[in-house]
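J.: This is the structure I want to talk about, given as structure tokens.
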Amino acid sequence: MSYRCLSRYLGGFGIVLSRMSIWRDVQQRAEELERERYWKAVRVLGVDGAYVRGWGKTQPVLVAVDLGSGAPVTVGYVDEKDPQAVRKFLQPLVQRLGVSVIVTDDLASYKQAAEALQLEQQICQFHVRRWVGWAIHELKESLPPEWVATTEEVRQILRDLPIEGDKRLVALLRQFPPSSWSRSGAEFSPLDKLRLLIVRLAENWARFRVFAWQEGVSWTNNPTEQVICKMKMRARTVRGYKNWSGMESGLMVTGVGVA
């Protein structure tokens, strides 16, 4: 509910509390949550971006969640596509909380930030399987028939996630004919696109399997997604936040199911 609706709802029980009093309580609670978690150790951190309505347009937000407890650690006014901004957001959390693993989607900005901060990165398998599924579905319509079986083998390798999956993918790459896109001005053929997809999977294979040897690491980023879902629902009920401080407090409190 919005603050105004909540004030009216409480009034039905004889509780007189203005919407501004409720707003101030939320700001106070958000500050308490930040203090409670400021030094609390977090080994595995879920990180994901969201776009929330605020001060007249959609604003970029980066959300960090303790995957051990499922509670939000902090939110930042950061565009997840900016690798430098992501690194600056994560660096103090890594230093203060002892983060050693981040769970993210497969944006290049997260990969760059993880390498710069010397973190293990588990790439969310839900995101990987979704984009690979879409890409293969589109390619099947234009690939030569003899290469359709290769797409199914790629899907199977991704489903099984074997420890040497990257080697199996490289073995598939050796079956490809010389590429046409090496010539200046040539467009990517469907076969070239399939080749690039397999190269991308092989290069990131270790990041798909961190959960297999790191205890407490989830193979998806679902807990972070669930927190963001609550945050977005709250943003819709208030018809957009008016400023960053209000958005930060509202998202933090809503993320733990308090508001």
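J.: Applying the selection to region 4-37, what residues are of a type in the set (Val, Ile, Thr) and under 30 Å from the mean Cα position of the chain (by Cα)?
T.: If we filter region 4-37 for residues that are of a type in the set (Val, Ile, Thr), which is where we start, we get 15-16, 22, 26.
Hit for region 4-37 is VAL26, nothing else.
J.: OK, next. Between a first residue in region 192-221 that is without any contact (Cβ under 8 Å) to a residue 40 or more places away in the chain and buried (at least 17 other Cβ atoms within 10 Å of the Cβ) and a second residue that is assigned to a loop (DSSP other than H, G, I, E, B) and not aliphatic (A, V, I, L, M), which pairs have beta carbons less than 8 Å apart while being 6 or more apart in sequence or on different chains?
T.: ARG195/PHE176; ARG195/SER179
J.: Only one of TYR3, TYR9, TYR38 is aromatic (Phe, Trp, Tyr) and modelled with pLDDT of 90 or more. Can you tell me which?
T.: Details: TYR3 fails: modelled with pLDDT of 90 or more; TYR38 fails: modelled with pLDDT of 90 or more.
The match here is TYR9.
J.: Now for a different question. In region 1-51, what count of residues is obtained for those that are of a type outside the set (Lys, Arg) and assigned to a helix (DSSP H, G or I)?
T.: If we filter region 1-51 for residues that are of a type outside the set (Lys, Arg), which is where we start, we get 1-3, 5-7, 9-18, 20-23, 25-28, 30-34, 36, 38-39, 41-42, 44-51.
Those still in the list that are assigned to a helix (DSSP H, G or I) too: 3, 5-7, 9-11, 20-23, 25-28, 30-34, 36.
Number of matching residues: 21.
J.: A follow-up question, please. For region 74-94, give me the residue count where each residue is in a helix (DSSP H, G or I) and over 25 Å from GLU32 (Cα atoms).
T.: Filtering region 74-94 for residues in a helix (DSSP H, G or I) gives 83-94.
Subsequent filtering for residues that are over 25 Å from GLU32 (Cα atoms) retains 83-85, 87.
Final tally of qualifying residues: 4.
J.: Turning to a different aspect of this structure: Can you tell me which residues in region 40-79 are of a type in the set (A, V, I, L, M, F, W, C) and either over 23 Å from ARG29 (Cα atoms) or under 14 Å from the mean Cα position of the chain (by Cα) (or both)?
T.: Initially, region 40-79 is screened for residues of a type in the set (A, V, I, L, M, F, W, C), giving 41-42, 44-45, 47, 50, 52, 55, 61-65, 67, 71, 73, 75, 78.
Scanning region 40-79 gives VAL44, LEU45, VAL47, ALA50, VAL61, LEU62, VAL63, ALA64, VAL65, LEU67, VAL75, VAL78.
J.: Still on this structure, I have one more. Can you tell me which residue within region 68-91, out of those that are surrounded by fewer than 23 Cβ atoms within 10 Å (Cβ to Cβ) and touching a Gly at 6+ places or on another chain (Cβ under 8 Å), is modelled with the lowest pLDDT? Give the steps one after another, and end with the answer.
T.: Applying the first criterion (surrounded by fewer than 23 Cβ atoms within 10 Å (Cβ to Cβ)) to region 68-91 yields 68-71, 74, 76-79, 81-85, 87-89, 91.
Next cut, touching a Gly at 6+ places or on another chain (Cβ under 8 Å) only: 68, 71, 78-79, 81, 89.
Working: GLY68: 89, ALA71: 85, VAL78: 95, ASP79: 96, LYS81: 95, PHE89: 96.
In this case the residue turns out to be ALA71.
The values are calculated or read from the model by the stated rules, or taken from the named source; none is laboratory data. Just so it is clear, the model here is predicted, and its values are computed rather than measured. Virtual Cβ from ideal backbone geometry, glycine too; neighbours counted across all protein chains shown.
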